[in-house]
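Engineer: Submitted below is the structure of interest, expressed as C-alpha cells.
Each reported figure results from applying straightforward, stated rules to the coordinates on display, with no laboratory input. Keep in mind it's a predicted model, so treat the numbers as computed, not measured. Ideal geometry is used to build each Cβ from the backbone, glycine not excepted, and the neighbour counts take in all protein chains shown.
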Amino acid sequence: MSRSARLVATARPFLLALALTLVVTACSGPGGAHATPGGEGVGDPYFPEAGNGGYDVTHYALTLTYTPDTHALTGTAQITARATRDLSAFDLDFKGLEVKSLTVDGRKTSWTRKGQELKVHPPSALPKGKAFRTTVRYSGTPETITDPDGSEEGWLRTADGALALGEPTGSMAWFPGNDHPSDKATYDITITVPKGLQAVSNGELRTETTAGDGRTTYSWRMTHPMATYLATVAIGHYDITRTTTKNGLPVYVAVDPEEAAASRKVLARLPEIMEWEEYNFGPYPFSSTGAIVDRRGDAGYALETQARPFFPGAPDTATLVHELAHQWYGDSVTPKTWRDMWLNEGFATYAEWLWAEDHDGDTAQQTFDALYKGDYYDDKADNEAIWAFPPADPTSAAHISDSPVYERGAMVLQKIRRTVGDARFYDIIQGWAAAHRHGNATTADFTAYVEKMAPGKNFDGIWKNWLYGHGKPPRP
Ligand code: TRP
Ligand code: ZN
C-alpha cells in the first residue's frame, strides 16, 4: 500500500473508506494514480510472452493430485510475490487447465484468460513493494506443449504415470506462475497419487504419507531459488535409492524398474562425478542431488531439473556429467533471457570435454580441433551446422538447442582457457559460479567478468569472432 493510500484507509471512518475505495477503484485503485497492469511478458527476445512484468515471485507452494488412469490433475498454487511497481492488474502464465477460483491475500478476485496469459484483477491495486499471495485452484487434463524447436515438454504421459518438464516454457502446463528464468523462487511441491505409485520432485523429500483413501502424498521442498523451467514432477513406479556422498550430501535416485539394470553402473558413478565437479566448479549449490530415470521415449531429451536431473532411459556417463554440470551452470547461475542459453549449454558441454580429458579421453583441445577441422561428426552437415550462427545470439526460439549454442559455446570456453592458462581458467569458471550463485546473469556479465579476472589479456577477438561473430571464425 502506498503511503497516502494507507493514511486515507486508516484515518477515515469505515463507510467513508469504503466509498472512497469504490471511487478510487473505479479510476485506478488505492495503489495511486500510477497503478498500471504489470505486462504480459518480461521482454525476452525469443519468448516475448514468457513471464510477466510488475512482480517478483519469492515462493511457490504447489499442492497437486494426479490420477494417471483419468489423466486428471487438480491443483492449488499459492504464489507469494512482491509488486515491483504499483499494479492495477498482473498476469500469470498458465496454459490449458481450468481455473476454479482465485484469491489475492484471501480476497476473491476476478480473472480473464487469453492464450497463455491468466490476467488477475485484484480488488484493489497492489502498491510497489507490497508482498501479496495469490491462490489459484485449478483442475483438468494437463497438456503436452510442442516447442518452437519441435521438442515436447509441459506434461508428458508415461506408461505408468506422468512427467512434468519445463524447458523453456512448459511449467505453465501444470502450474500458474511467472514462467521465465529471470524470476527464480523457492518451492514446496506436494503431490498426491494413487497408493503404490511414487512422486518425485526437486530438492528434499520431507514427508510421505498414505491416507485411508488409498492415496499417497509426497511432500518435496526446494529451499534455493529455482527457475520455473527447472521444476519437475515424475509420477510412476520407481526403484528408489537413497545414499550420501562423501561430503554428506543426500543423494536421491529414482529409476524406472525397466531401466534399472542398464542404469546401475553409470548411476553408481554419480557421487564420483559430483566430487569431480565440486573440485572443478566449486561448492555444489543445492542441498541434495540425485537423478530421475524414466523409460527411453518418455521424453526426447535429458533435462537438468534442479537437484534431480531427468533422463529418458539409462544415461551415458557424458550425459550424466552434462546434466550435473548444469546444476552450477544453468540452475544456480541462470541465464537472464533465453538468448543467453549458451551460458548453460556451452558450459555443460565443456564439462563433458573436461571430464573426457581428465579420464583418459580426448583433451578439450583435441575436441576443439576436431570441431574446427570439421571431422567431429560423421555427417558433413552436422559439422557445418556449428557455424550457422553465433553462440550469443541463436537468432530465434527455434534454435536455442542447436549445436552453435552447445559445441561452439564450449569452443568459446576453450579459447578463453588457451588465452589465460589453466590456473586462471579454473579460477574464472569457479568464480563465475560463485559470483552469480543462485542468481541470473547475461553474456555481457560473463565477458566483463572474464576481463576483470584476467587483466592485461585481450579477449576482443574471442568475443567478436567466436561469441558474437557470424560464420566460421578465422584461424588465429
Ligand atoms: N537443457 C537440456 C540439456 O541438458 C536440453 C533441452 C531440453 C533443451 N529441452 C530443451 C534445450 C529446450 C533448449 C530448449 O541439454
Ligand atoms: Zn544441457
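Engineer: Length gain on complete extension for the stretch Arg206 to Ser396, per 0.36 nm per residue less the alpha carbon to alpha carbon distance?
Structural biologist: 64.4 nm
Engineer: For Thr112 and Ser139, compute 0.36 nm times the residue count separating them, minus their Cα-Cα distance, and round to one decimal in nm.
Structural biologist: So the chain would gain 8.1 nm between Thr112 and Ser139.
Engineer: Hey, what do the phi angles of the stretch 346-363 turn into as Karplus ³J(HN,Hα) couplings, whole Hz, using 6.51/-1.76/1.60 and θ = phi - 60°, x for Gly and Pro?
Structural biologist: x, 5, 5, 5, 5, 4, 4, 4, 5, 4, 4, 4, 7, 10, 6, x, 4, 6
Engineer: Lys/Arg Cβ at +1, Asp/Glu Cβ at -1, dipole of the chain taken about the Cα centre: which of Gly150, Thr419, Gly43 is farthest positive-ward?
Structural biologist: Going by the Cα projections, it comes out as Gly43.
Engineer: Next up: Can you give me the distance in nm between label points at Ala268 and Lys472, each placed 7 Å from the Cα along the Cα-to-Cβ direction?
Structural biologist: 4.3
Engineer: In which sequence would Arg408, Arg82 go, from the one with the fewest C-beta neighbours within 10 Å to the one with the most?
Structural biologist: Ordered by Cβ neighbours within 10 Å, fewest first: Arg82, Arg408.
Engineer: Cα centroids of the stretch 132-193 and the stretch 235-253: how far apart, whole angstrom?
Structural biologist: The two parts, judged by their Cα centres, are 23 Å apart.
Engineer: Which angle between 0 and 90 degrees, to the nearest 10, do you get for helix 443-453 versus the longest principal axis of the chain when only C-alpha atoms count?
Structural biologist: Approximately 60 degrees, to the nearest ten.
Engineer: Measuring from centroid to centroid over Cα atoms, what is the spacing of the stretch 68-127 and the stretch 201-222 in Å?
Structural biologist: Between the Cα centre of the stretch 68-127 and that of the stretch 201-222, the gap is 25 Å.
Engineer: Checking the table Lys100/Lys128; Lys119/Lys336; Lys336/Lys380; Lys195/Lys336; Lys130/Lys336 against a 31 Å threshold on Cα-Cα, which pairs fail?
Structural biologist: Long pairs (Cα-Cα over 31 Å): Lys336/Lys380; Lys195/Lys336.
Engineer: Write out the trypsin sites (Lys or Arg not before Pro) in the stretch 244-316 meeting two conditions: DSSP loop, and at most 15 other Cβ atoms within 10 Å of their Cβ.
Structural biologist: Those satisfying the criteria are Lys246, Arg269, Arg296.
Engineer: Rounded to the nearest Å, what's the spacing between the alpha carbon centres of the stretch 431-455 and the stretch 281-352? Just the number, please.
Structural biologist: Here the two parts' Cα centres lie 20 Å apart.
Engineer: Mind computing the radius of gyration and Dmax over the alpha-carbon atoms of the chain? Å is fine for both.
Structural biologist: Calculated on Cα positions, Rg and Dmax stand at 23.7, 80 Å.
Engineer: Next question. Relative to the longest principal Cα axis of the chain, at what angle does helix 270-281 sit, 0 to 90 degrees, rounded to 10?
Structural biologist: It works out to around 90 degrees.
Engineer: Using the charge dipole of the stretch 238-327 (Lys, Arg: +1 at Cβ; Asp, Glu: -1 at Cβ; taken about the Cα centre), state which of Thr317, Val251, Ala307 has its Cα farthest towards the positive end.
Structural biologist: Ranked along the dipole, the leading option is Val251.
Engineer: Let me ask you something else. If you plug each phi of the stretch 61-72 into the Karplus form 6.51 cos²θ - 1.76 cosθ + 1.60 with θ = phi - 60°, what whole-Hz ³J(HN,Hα) values come out, in order, with x for Gly and Pro?
Structural biologist: 10, 10, 10, 10, 10, 10, 10, x, 4, 9, 6, 8
Engineer: Please arrange Thr65, Thr146 by counting, for each residue, the other beta carbons lying within 10 Å of its beta carbon, fewest first.
Structural biologist: Neighbour counts put them in this order, fewest first: Thr146, Thr65.
Engineer: Can you compute the FRET efficiency between Ala260 and Glu98 using 1/(1 + (r/R0)^6), with r the Cβ-Cβ distance and R0 = 41 Å? Round to the nearest 0.05.
Structural biologist: 0.60
Engineer: Arrange the following residues from fewest to most other Cβ atoms within 10 Å of their Cβ: Arg215, Arg339.
Structural biologist: Arg215, Arg339
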